[in-house]
1. Could you list, in sequence order, the residues of the range A:115-132 that are touching a Leu at 6+ places or on another chain (Cβ under 7 Å), open to solvent by less than 20 Å² (accessible area, probe 1.4 Å) and within 13 Å of another protein chain (Cβ to nearest Cβ)?
2. When you check A:ALA240 against the structure, is it in contact with a helix residue (DSSP H, G or I) (Cβ under 9 Å, 6 or more places away or on another chain), modelled with pLDDT of 95 or more, within 16 Å of ligand 1 (Cβ to nearest atom) and away from chain B (no Cβ under 14 Å), yes or no?
3. Output the residues belonging to the range B:23-51 that are within 16 Å of ligand 2 (Cβ to nearest atom) and over 23 Å from B:ILE252 (Cα atoms).
4. Which of the residues that make up the range A:48-75 are without any contact (Cβ under 8 Å) to a residue 40 or more places away in the chain, of a type in the set (A, V, I, L, M, F, W, C) and open to solvent by 80 Å² or more (accessible area, probe 1.4 Å)?
5. Restricting to the range B:31-54, and then to whatever is within 16 Å of ligand 1 (Cβ to nearest atom) and under 11 Å from B:GLN234 (Cα atoms), can you tell me which residue is surrounded by the fewest Cβ atoms within 10 Å (Cβ to Cβ)?
6. Output the residue which, of all residues in the range B:54-106 that are within 16 Å of ligand 2 (Cβ to nearest atom), without any contact (Cβ under 8 Å) to a residue 60 or more places away in the chain and of a type in the set (A, V, I, L, M, F, W, C), is farthest from the other protein chains (Cβ to nearest Cβ).
7. Run down B:GLY82, B:GLY117 and say which single residue is open to solvent by less than 10 Å² (accessible area, probe 1.4 Å) and either among the small types (Gly, Ala, Ser) or assigned to a loop (DSSP other than H, G, I, E, B) (or both).
8. Out of B:ALA224, B:ALA196, which single residue is open to solvent by 10 Å² or more (accessible area, probe 1.4 Å) and among the aliphatic types (A, V, I, L, M)?
Amino acid sequence: MSEPGKTKFGRCFIALGNGLLNFFQTVGEMSQLLAATILWCRAVFKNLDKVLPQMGKIGADTLPIASLTAVFVGFVLALQTGVALKEFGQEESIGAVVSLSMARELGPVLTAILVIGRIGAAITAEIATMSVSEEIDALKTLGINPVRYLVMPRFLACLTMLPVLVIYVNLVGMIGGAAVSKANFGVPFMVYIENVEEWLTFEDIAKGLVKAAVFGVIISIVSCHRGLATVGGPGEVGLATTNSVVFSFVSVYIFNYFVTRLWLE
Amino acid sequence: MVGIGLDAKETLNGTAIEVRQLHRWFRGNHVLRGLDLKIREGTATAIVGSSGAGKSVLLKHMIGLTKPDSGSIFVFGEELTGKTGMALEAIQRRFAMVFQGSALLNSLTVGQNVGLGLTEERRLSRKQVDDIVREKLALVGLEGKESQLPGELSGGMKKRVGIARALAMDPDIILFDEPTTGLDPVMAERIDTLMADLKNKLRKTTVIVTHDMDSAFKTSDHIAMIYEGKIIEQGSPEEFWRSTNPTIEQFISRFKRHGTEEGL
Ligand SMILES: Nc1ncnc2c1ncn2[C@@H]1O[C@H](COP(=O)(O)OP(=O)(O)O)[C@@H](O)[C@H]1O
Ligand SMILES: [Mg+2]
């Protein structure tokens with residue numbers, strides 16, 4: 001029998017195995033980082049000088065693009081559903097469709113995508129740069145725990161700011177939907193609002209916010225971990241950032257699918 | 001090799017750091033190959049060797065920033081290897097390190113960088129930290145540069161900020177990774193004097209990695225040379241100067257041609 005490394009199939013098999021091992025090792029390390037980060041959250045009040053600026057940064061960096069995205073998604077949702085509903089003379093139900101889509105799925109997922117692109121990538125690039133220029137080592141020699149100093153503030157900022165952003169995105173999306181309903185289908189604002197009130201439950205909103213908070217956890221931990229795990233020269237920073245963004249996207253999509261399925265059962 | 005004088009000295013000074021049979025690989029690259037080294041308390045030890053010999057890697061093992069594949073490191077008699085978390089941090093608190101690439105936090109000002117360890121420790125008031133920052137910056141010739149950002153400084157200035165940051169923590173042991181590389185001769189001289197003062201006046205233990213033989217001869221009581229992952233020769237500067245080991249002779253020949261023995 002030939003050695004597994006010698007045949008084409010064998011090499012593929014080994015590569016696949018290594019890839020899987022790497023993946024599970026990464027997930028394991030991320031879980032450890034999450035646990036350490038949660039433990040450090042006890043020191044949140046002593047570290048507000050680092051947590052609050054991170055929260056501010058997330059807000060400032062994502063609000064413009066979040067507003068733009070939300071209002072156009074609201075427009076398009078209302079437009080598409082409006083055309084379909086008009087065939088049955090049901091234009092007044094546009095509010096229900098727009099608000100439920102936003103609150104349950106589009107609000108949390110779109111916000112997560114924005115935050116991954118705008119904040120997650122920046123976190124990885126910043127921390128990876130610090131890793132390759134020995135700044136993380138320098139922190140340790142100064143008696144500063146990098147998880148406390150770097151990860152915990154970003155974790156808490158993402159955890160709290162994602163739900164806040166989602167509330168905002170939902171609201172702006174519904175306003176966009178209302179505008180199109182009125183302009184294109186002649187639905188008065190009061191009719192739209194009453195329809196939203198009739199269909200949208202507190203549970204829909206709350207579930208969306210819980211999703212958003214978990215997305216915040218995923219994005220912050222993945223981004224920080226990819227940054228801290230970067231070794232080598234400055235050339236590795238770009239690679240780490242791309243890697244981190246892809247990893248965050250995949251994790252968010254998978255989590256979103258399974259939690260949605262669970263809640264629908 | 002090791003002279004007779006050393007045994008007498010050893011009774012005067014305890015061992016600050018002891019490295020035993022240290023092995024370290026990076027993938028296929030066997031960088032440290034069973035390295036042994038003792039650093040005595042209150043002395044200045046220079047570690048020399050060509051670039052890529054593993055000097056920086058050795059320093060990082062001493063301070064516990066990276067773990068050996070095998071072998072052990074003792075700091076003031078306590079084993080560092082295998083320690084994690086609080087226990088490791090307690091030992092690390094006795095150290096400070098000046099990084100080869102200075103490793104300043106780019107998002108913080110010079111003053112915040114120098115005071116970072118103290119600020120985060122939260123033992124001293126803001127005013128006390130500011131005073132220490134001012135004092136340490138003056139020591140390295142950077143008075144009044146507190147509010148500048150690292151990006152606005154030259155490489156040599158950054159290096160001196162790194163030295164000020166290490167001094168601010170008032171550690172027992174200071175590891176210098178190429179502190180004078182890239183400095184102009186006047187500033188290099190000043191840093192050499194500063195390092196000598198740390199040992200002579202403040203009784204600190206210093207370990208100085210350098211390939212500047214001039215600096216090594218001037219600032220240290222003990223010189224050790226890394227070659228092929230081991231300490232191939234060590235001793236006092238005089239012993240080192242007179243060494244007949246061909247590798248050492250080759251290494252210091254360039255310096256010998258320029259300097260004179262009286263210059264020691
Ligand atoms: N984190 C690392 N990953 C891989 N190789 C490394 C790492 N750090 C150092 N090395 C390798 O170890 C060797 C010694 O490096 P170093 O200690 O930096 O040399 P120097 O004596 O110039 O300070 C070099 O070949 C370097 O490529
Ligand atoms: Mg080096």
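The values are calculated or read from the model by the stated rules, or taken from the named source; none is laboratory data. Values in this document were obtained by computation on a predicted structure and should not be read as measured data. Glycine gets a Cβ as well: all are built from the backbone with ideal geometry, and neighbour counts include every protein chain shown. Accessible surface areas use protein heavy atoms only, side chains included; no ligands, DNA or RNA. Shrake-Rupley method; radii C 1.70, N 1.55, O 1.52, S 1.80 Å.
1. Filtering the range A:115-132 down to residues touching a Leu at 6+ places or on another chain (Cβ under 7 Å) leaves A:115, A:127, A:131.
Add one more test, that the residue is open to solvent by less than 20 Å² (accessible area, probe 1.4 Å), and what stays is A:115, A:127.
Result: A:ILE127, single match.
2. Working: in contact with a helix residue (DSSP H, G or I) (Cβ under 9 Å, 6 or more places away or on another chain): yes; modelled with pLDDT of 95 or more: yes; within 16 Å of ligand 1 (Cβ to nearest atom): yes; away from chain B (no Cβ under 14 Å): yes.
Criteria met by A:ALA240.
3. Hits for the range B:23-51 are B:ARG24, B:PHE26, B:ASN29.
4. The answer is A:LEU52, A:LEU68.
5. The selected residue is B:LEU37.
6. Per the criteria, the residue is B:VAL57.
7. On inspection, the qualifying residue turns out to be B:GLY117.
8. When all the criteria are applied, what remains is B:ALA196.
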